[in-house]
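Written below as structure tokens is the structure these notes are about.
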Amino acid sequence: MSKGRELLVGFVIIAAVAVGVVGTLWLKGVHWGRPLEPLQILVPDVAQLTPGDAVVFRGVRIGRVSTIQVEPDGQAVRVSVNLEEQVKLPADAGGVVAPESMFGDWQAEIVSRSRYPRYHFYDVPKVDSTADVRVIGGYTIPELTRLTASAEEISTNLANLTNRLELAFNEQTAQNLSRAIDNIEAVTREVRDLVNREAAVAASVTANADSALNEIEQASRAARVSFERVQQLLSDAKMDSIMDNVQLATGDIQKVSGVLANSSGDLRGTLASMDSSFARLDRITAQLESGRGSLGRLLADSTFAVRAEGVLEQLDLLLKDLRENPRRYVRLSIF
Amino acid sequence: MRISLLRPVEAVGQAVLSAVAAVGRAGQLGLGAVRALRKGSIWGPHLLPQMAKIGVDSVPIALFIALFTGVVLSLQASYTFTGAIPLYFVGTLVGKTMVLELGPVLTGLALSGRVGANIAAEIGTMRVTEQVDALETLAYDPNAYLVVPRVLAGALMFPMVVLLANGVGVLAGWATSLSLLDMSSQEFLKGLRLFFRSWDVWFSVIKSVSFGITVTSVGCFFGFGTTGGAEGVGRATTRSVVVSSMIILVLDAFWAAVLLK
């Protein structure tokens, strides 16, 4: 084999290896000689982010994702990135894992958390805060496929619901529903009228009750006064004396009658006795007429009998009304 | 009458037996080649010439195929994507398709015709002219002398050719995008880098190694099994190309199913 052929073989091999290795490194974006600044982002999940994806800050590509590892406790994913540019990141930096475009390529963007207050960035444990490599919390925007899946599920449910409605809501159902609505409307109207009527009745009952209560109060007050008077009268000793006097006068009259019947001789004495009796009777009558004494006051008060009678009438009316219209005295409440 | 009725059954039996015998011969050849790896003094001197013959001499045809494949890929991707998908995905499609599929497979198919047929014809001729028997008479292991250097050269050089073909194909697609399409280098490279993974290159290399071993092994197998003079050599050559092409396509699907899950 000639030297030229051997050289050719070597050249082909070197060229092929160079194409493979250099091309791979170039396409992966490896930059030789530039210092890299490591950074780690903790996120709940990474969606479709993969090693090699871009790291962007303010729209400028400043690095690439190097490794992605699930944390040992399984609570988060640690995304290690290498920043190719010496860029001063904000103090409240956070990582947003999001699609770069609608065609499945993802990126990790370094942002200031204050710009995205609604994002729930992952809280970095204190152990990581003290690590040599800076660790920031991240937030993963739900990928389009998940949103699409959710939307598809919702649309499927809606379709099922629509089908069921379509099955249930036929023309007969519509007519029934229309009739039901009409019935409900009529019932509502009647209920409204009933409520209005009952409200008026209730107002009337209330007024009657107030009036009845006033009258009962007045009657009871008058009865109380009358009863007090009766009680006072009964308890007063003058009544006994008056009764005694009346009894005595009656006895005297009987005596006079007896004397008159038995003896007509002593007419003068009899007349004198009669005069005395009449005088005594006149005195008693005068006392009664003047209203003095318990019985006099009782007899002199002309309103007592009227009031008592009015009270009895009112009580009769009240009892009658209670029997006939018990609803007036029962509080009616609707709604 | 009875004989004619039994002929189909007889044919099935013959086919099965010949298939089993072929598998047995292939196994014998493979085992013999593995055993012959120890005899480096025999196959060593022939490795580099075979690498030049199988690899270097195949580079032009492989690059020619890759060149026009890259051009066609770029144009077809642009034609397909226009109005629906950003054009920078032309770079993605050219890169992915060349590295993952067309680079190894087209190169493998092309080389199965060129290398596999060459090996089958060469060894078949040696077989029918009893040169293989002469080697055995001279105490040379035909496997070590004929099979091992060719298979090793194929396993080593196929990936090199495929890598070069991949590079040329991507460059051709890039050049086409710049010259024939309304694209910039930034756009093409953005798409090219977008979904690029270094595993893609490894996948291409693994496939091409398997294709190299397949093409050379099948050529050697049919070459060693050649009978019937010049006509037999031609038949072995044809079979070698057909069978190695079929195996390449089967392996292509196999590796995709195994390695791209």
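The values are calculated or read from the model by the stated rules, or taken from the named source; none is laboratory data. Owing to the predicted nature of the structure, the values given are computational and were not obtained by experimental measurement. When we count neighbours, we look across all protein chains shown, and the Cβ atoms used for this are built from the backbone with ideal geometry, even at glycine.
Key figures for this structure:
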| item | result |
| --- | --- |
| Residue in region A:56-78 that is closer than 25 Å to A:GLU143 by Cβ and at the interface with chain B (Cβ under 9 Å from one of its Cβ atoms) present | no |
| Criterion violated by A:LEU49 - all others in (1) touching a Phe, Trp or Tyr at 6+ places or on another chain (Cβ under 8 Å); (2) over 20 Å from A:GLU143 (Cα atoms) satisfied | (2) |
| Residues of region A:62-77 satisfying the condition of being farther than 12 Å from A:PRO38 by Cα and without any contact (Cβ under 8 Å) to a residue 40 or more places away in the chain | A:ILE68, A:GLN69, A:VAL70, A:GLU71, A:PRO72, A:ASP73, A:GLY74, A:GLN75, A:VAL77 |
| Pick from region A:112-144, criterion among the hydrophobic types (A, V, I, L, M, F, W, C) and assigned to a loop (DSSP other than H, G, I, E, B), ranking: modelled with the highest pLDDT | A:PHE121 |
| Filter result for B:LEU100 (closer than 30 Å to B:SER198 by Cα, away from every other protein chain (no Cβ under 13 Å), in contact with a helix residue (DSSP H, G or I) (Cβ under 7 Å, 6 or more places away or on another chain) and in a loop (DSSP other than H, G, I, E, B)) | no |
| Residues located in region A:60-101, provided they are among the charged types (D, E, K, R) and closer than 19 Å to A:VAL127 by Cβ | A:GLU71, A:ASP73, A:ARG78 |
| Residue within region B:22-30 that is under 23 Å from the mean Cα position of the chain (by Cα), within 30 Å of B:LEU171 (Cα to Cα), surrounded by 13 or more Cβ atoms within 10 Å (Cβ to Cβ) and of a type outside the set (Asp, Glu) present | no |
| Residue in region B:112-134 that is touching a Pro at 6+ places or on another chain (Cβ under 6 Å) and more than 24 Å from B:ILE248 (Cβ to Cβ) present | yes |
| Matching entry among B:SER210, B:SER217, B:SER177, B:SER204 (being within 13 Å of chain A (Cβ to nearest Cβ), at pLDDT 90 or above and buried (at least 19 other Cβ atoms within 10 Å of the Cβ)) | B:SER204 |
| Qualifying residue in region A:132-140 (condition: without any contact (Cβ under 8 Å) to a residue 60 or more places away in the chain and closer than 30 Å to A:GLN48 by Cβ) | yes |
| Selection within region A:1-38 - touching a residue at least 24 places away in the same chain (Cβ under 8 Å) and out of contact with any Leu (no Cβ under 6 Å at 6 or more places or on another chain) | A:LYS28, A:GLY29, A:HIS31, A:ARG34, A:PRO35, A:LEU36, A:PRO38 |
| Filter result for A:LEU7 (at the interface with another protein chain (Cβ under 9 Å from one of its Cβ atoms) and exposed (fewer than 14 other Cβ atoms within 10 Å of the Cβ)) | no |
| Unmet requirement for B:TYR140, which otherwise passes all of (1) in contact with a helix residue (DSSP H, G or I) (Cβ under 8 Å, 6 or more places away or on another chain); (2) part of a helix (DSSP H, G or I) | (2) |
| Scope region B:94-136; condition under 14 Å from B:VAL168 (Cα atoms), more than 19 Å from the chain's Cα centre (by Cα) and surrounded by fewer than 24 Cβ atoms within 10 Å (Cβ to Cβ); matching residues | B:LYS96 |
| Selection from region A:48-93 of residues that are of a type in the set (A, V, I, L, M, F, W, C) and either farther than 16 Å from A:TRP106 by Cα or outside any strand (DSSP E or B) (or both) | A:LEU49, A:VAL70, A:ALA76, A:LEU83, A:VAL87, A:LEU89, A:ALA91, A:ALA93 |
| Matching entry among B:LEU152, B:LEU93 (being closer than 19 Å to A:VAL17 by Cβ, out of contact with any His (no Cβ under 7 Å at 6 or more places or on another chain) and within 14 Å of chain A (Cβ to nearest Cβ)) | B:LEU152 |
| All positions within region B:203-261 that are in contact with a Pro (Cβ under 6 Å, 6 or more places away or on another chain) and farther than 21 Å from B:VAL148 by Cα | B:SER204 |
| A:ALA54 being crowded, with 16+ Cβ neighbours inside 10 Å and under 51 Å from the mean Cα position of the chain (by Cα) | no |
| Residue that is surrounded by the most Cβ atoms within 10 Å (Cβ to Cβ), among those in region A:95-120 that are more than 46 Å from the chain's Cα centre (by Cα) and more than 14 Å from every other protein chain (Cβ to nearest Cβ) | A:ALA108 |
| Flag for A:ASP92 being more than 13 Å from chain B (Cβ to nearest Cβ) and touching a helix residue (DSSP H, G or I) at 6+ places or on another chain (Cβ under 7 Å) | yes |
| Residues of region B:57-90 that turn out to be in a helix (DSSP H, G or I), within 14 Å of chain A (Cβ to nearest Cβ) and closer than 16 Å to B:LEU192 by Cβ, as a count | 6 |
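Residue by residue, here is whether (1) modelled with pLDDT of 85 or more; (2) within 9 Å of chain B (Cβ to nearest Cβ); (3) buried (at least 21 other Cβ atoms within 10 Å of the Cβ); (4) not in a loop (DSSP other than H, G, I, E, B) holds:
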position	(1), (2), (3), (4)
A:MET1	no, yes, no, no
A:ALA15	yes, yes, no, yes
A:LEU25	yes, yes, no, yes
A:VAL30	no, no, no, no
A:ASP45	yes, no, no, no
